[in-house]
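In what follows, a structure is listed as C-alpha cells, so that the remarks can point back to it.
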Amino acid sequence: MNRRRVSIFGATGSIGENTIDLIARNSDSYDVVALTGASNITQLAKDAIRLNAQVAVTAHDHLLTELRSALAGSNVEAAAGKAALAEAASRPVDWVMSAIIGSAGLLPGLKALEQGATLALANKESLVCAGGLILQTAENNNARILPVDSEHSAIFQGLVGEDMAAVERIIITASGGAFRDWPIEDLANATLAQASAHPNWDMGQRITIDSASMFNKAMEVIETHEYFDVRSDQIEVLVHPESMIHALVGFNDGALLAHVGPPDMRHAIGYALHWPERKTLPVERLDLAKIGSFTFRAPDEVRWPALRLAREVMARGGLSGAVFNAAKETALNGFILGTLKFTEMSEIVDQTLSNMDSKGGHIDDTMTLDNVLHVDHLAREIAQHLIKQRAG
Ligand code: NAD
Ligand code: MG
C-alpha cells in the first residue's frame with residue numbers, strides 16, 4: 001500500500017495528540033510532512049522526532065531558537081511564525097488535520113485545500129467564520145472536507161447513501177457541559193476552574209468552557225448549516241447528558257438514524273483518516289445493557305443564550321459568523337483572564353453583533369479572506385472595548 005503523506009496543524013492540542021496517537025499506531029502507513037504547535041515546544045519536538053516529520057512549526061516567532069535546539073541532532077526542520085505555517089500548509093500532502101484552535105486555523109486549512117488535499121476539519125471556527133469561502137475553495141480545487149467534530153462526523157455517517165432531499169431535520173446533541181444542572185442564578189459567579197471541568201469529554205480548555213456556555217453547540221449549529229447546507233429551522237439541539245448519541249438525522253418517512261459511540265474523539269478522527277473505508281479503532285465498545293438508559297431534555301435558551309445567538313447569525317448571514325466567533329474568542333479570553341463573568345460572555349457577543357450591524361453599510365461583506373480577516377479584527381476591537389467599558 002502507498003504511504004499517505006499527512007500533516008497535522010495544532011498537533012500539540014487535544015485533537016492533535018489524538019490524531020498522533022492513531023498515526024503512531026500505524027506509522028508504516030504514513031509519511032508525516034508538517035506538525036505545528038504554539039507554545040508547547042517540548043511536546044512539538046518530541047512528536048516531530050518520533051514521527052520523523054519533515055518540518056515542525058511553532059506559531060510564535062520568538063520560540064524558533066528553542067524549537068531549533070529541541071530538534072538538534074534530528075532530521076526535522078524547524079520553522080516559526082505565520083508565514084512558516086502557511087508555507088508548511090502548502091507542502092504537498094494527501095491528508096491534513098486542521099486542529100488549531102480559533103480563527104488562526106482558517107488560513108492553513110485554505111492552503112491545504114488549494115493544493116487539493118483532503119482536509120479533516122476539527123477547527124470549527126473555519127466553517128463558522130468563512131463557511132462559503134472554505135467550501136468554495138474545496139470545490140474549486142477538487143478537494144474534500146471531512147468533518148471531525150463528533151456531531152458532524154455522526155451526521156456525515158448518517159447521510160452515507162442518502163438523498164439530502166429526503167432529510168427533514170438534523171438533531172445534534174449536547175452534554176449540557178459543566179453547568180447543566182446549576183441554578184441559573186448561580187451562573188454569574190461560576191469560576192474558571194468550574195467551567196473548565198467537562199462531565200464527559202477530555203478536551204482543550206477553551207472548548208470545555210465553550211461547552212459550559214453552549215457557545216460550542218452554537219458554533220456546531222452554524223457549522224451544520226454551512227457544511228450540510230440545511231436551513232436553521234431544520235437543525236435542532238437536544239441535551240443528552242450521557243454524550244453517547246452524537247447526532248440524529250431525521251428523514252421524510254419518519255425514520256431517525258442515530259449515531260451512537262463512546263465519547264472519544266479518536267472515533268471521528270479515525271473515521272476521517274480512513275474514509276471511505278472503516279478500520280478498527282482503539283475506542284471503547286459500548287455495553288448498552290450495562291448503560292441501561294439514555295436521557296434527553298430540551299435546551300434552555302435562558303440558561304444558554306448562545307443558542308439564540310447562533311440562530312441570529314444564520315438569519316443575518318454574510319460575515320456575521322466571523323463577527324460572532326471573534327467576539328466569542330475575545331469574551332472567552334476575558335473570562336479566562338478574570339475580567340468578565342461567565343454570563344457576560346454572551347452579552348458581549350450579542351452587543352458586538354448589534355454594534356457591527358450599525359456599521360452595516362460601511363463593511364464589505366463579500367466573503368473573501370481579506371474581508372473575513374478585516375471583520376474578525378474589527379469585531380475583536382469592539383468586543384475588547386465593550387469589555388473595558390464594563391471594567392471601567
Ligand atoms: P487545544 O487548545 O487543545 O489545541 C490547540 C492547538 O492549536 C495546539 O496545538 C496549539 O498549539 C495550537 N494553537 C493555539 N493557538 C494558535 C495560534 N494562534 N496559531 C497556531 N496554532 C495555535 O484545542 P483542541 O481542543 O484540540 O481543539 C482544536 C480545534 O478542534 C478547535 O477548533 C476545537 O473547537 C475543535 N474541536 C475539538 C474537540 C475536542 O475534543 N478537543 C472536538 C471537536 C472540535
Ligand atoms: Mg462537538
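Rounded, prolate or oblate: which fits segment 317-392, taking a ≥ b ≥ c as square roots of the Cα gyration tensor eigenvalues, rounded meaning a/c under 1.5, else prolate when a/b beats b/c?
Here segment 317-392 falls in the prolate category.
Would you mind calculating the gained length between Asn40 and Met164 on full extension (0.36 nm times residue separation, minus the Cα-Cα distance), in nm to one decimal?
So the extension gain works out to 40.4 nm.
Mean shadow of segment 145-215, computed from the convex hull of its alpha carbons, in nm²?
Value for segment 145-215: 6.4 nm².
Please report the spacing between the Cα centers of segment 1-66 and segment 95-152 in Å, no decimals.
The two parts, judged by their Cα centres, are 18 Å apart.
Taking every alpha carbon pair in segment 1-80, what does the distance histogram look like in 10 angstrom bins from 0, in percent?
21, 56, 21, 2, 0
Mind checking which of Val221, Gly204, Ala258 is farthest towards the positive end of segment 165-282's charge dipole, using Cβ charges of +1 (Lys, Arg) and -1 (Asp, Glu) about the Cα centre?
Gly204
Taking the dipole about the Cα centre of the chain, with the C-beta of Lys and Arg at +1 and of Asp and Glu at -1, give me whichever of Ser98, Ser7, Ser354 is farthest to the positive side.
The one lying farthest along the dipole's positive direction is Ser7.
What dipole magnitude, in Debye to the nearest 20, does the chain give about its Cα centre under +1 on Lys/Arg Cβ and -1 on Asp/Glu Cβ?
Charge dipole, the chain, about its Cα centre: 760 debye, nearest 20.
Can you bin segment 110-174 into rounded, prolate or oblate? Criterion: square roots of the alpha carbon gyration tensor eigenvalues sorted a ≥ b ≥ c, rounded for a/c under 1.5, prolate for a/b above b/c, oblate for the rest.
prolate
In nm, give the distance between the simple-model label positions of His385 and Arg4, each being 7 Å from the Cα along the Cα-to-Cβ direction.
4.7
Give, to the nearest whole percent, the P(r) tail of segment 4-147 beyond 28 angstrom, counting all Cα pairs.
When every Cα pair of segment 4-147 is considered, 11 percent fall beyond 28 Å.
With N residues in segment 108-247, what two-decimal value do you get for its Cα radius of gyration over 2.2 N^0.38 Å?
1.13
Tell me which of Ile23, Thr366, Phe324 sits at the most positive position along the dipole axis of the chain, charges placed on C-beta atoms (Lys, Arg +1; Asp, Glu -1).
Going by the Cα projections, it comes out as Ile23.
Taking the Cα centre of segment 317-392 as origin and charging only Cβ (+1 Lys, Arg; -1 Asp, Glu), how large is the dipole, in debye to the nearest 20?
Computed about the Cα centre, the dipole is about 320 debye.
Using Cα springs under 10 Å in a Gaussian network model of the chain, which residue among Ala72, Ala99, Ala120 shows the largest mean-square fluctuation?
Result for the chain, Cα springs under 10 Å: Ala72 fluctuates most.
Applying 1/(1 + (r/R0)^6) with R0 = 30 Å to the Cβ-Cβ distance of Glu114 and Glu301, what FRET efficiency is obtained, to the nearest 0.05?
Plugging the Cβ-Cβ distance into 1/(1 + (r/R0)^6) gives 0.15.
Accessible area of His274, 1.4 Å probe, to the nearest 10 Å²?
Surface accessible to solvent at His274 totals approximately 30 Å².
Given Cβ point charges of +1 (Lys, Arg) and -1 (Asp, Glu) and nothing else, what value in debye, to the nearest 20, does the dipole of segment 260-357 about its Cα centre take?
360
For segment 267-352, report the translational diffusion coefficient in µm²/s to the nearest whole number, using Stokes-Einstein at 4 °C, 1.567 mPa s, and a Kirkwood Rh over Cα pairs.
Roughly 78 µm²/s, to the nearest whole number.
Quick one: give the max-minus-min coordinate of the C-alpha atoms of segment 179-294 along each principal axis, largest first, in Å.
Dimensions of segment 179-294 along the principal axes of its Cα atoms: 46, 35, 30 Å.
Given the rule -39500 (n - 2.57) for each run of at least 4 DSSP H residues, summed and divided by the residues of the chain, what is its mean residue ellipticity at 222 nm, to the nearest 500 deg cm²/dmol?
Estimated from H runs of four or more residues: -14000 deg cm²/dmol.
How large is the direction-averaged shadow of the alpha-carbon convex hull of the chain, in nm²?
Dividing the Cα hull surface by four gives the mean projection, 20.1 nm².
Taking H as built 1.01 Å from N, whose amide H comes closer than 5 Å to the amide H of Ala174, not counting residues under 5 places away?
Placed amide hydrogens put Leu238, Val239, His240 under 5 Å from Ala174.
If the chain between Arg285 and Thr366 were fully stretched, how many nm would it gain, using 0.36 nm times the residue separation less the Cα-Cα distance?
24.5 nm
Between Ala255 and Ala315, what length in nm is gained on full extension when 0.36 nm per residue of separation is reduced by their alpha carbon distance?
18.8 nm
The values are calculated or read from the model by the stated rules, or taken from the named source; none is laboratory data. Remember, predicted model here, so these are calculated numbers, not experimental data. Every residue, glycine as well, gets a Cβ built from its backbone with ideal geometry; the counts of neighbours run over all protein chains shown. These area figures cover heavy atoms from the full protein model, side chains too; ligands, DNA and RNA do not enter into them. Shrake-Rupley method; radii C 1.70, N 1.55, O 1.52, S 1.80 Å.
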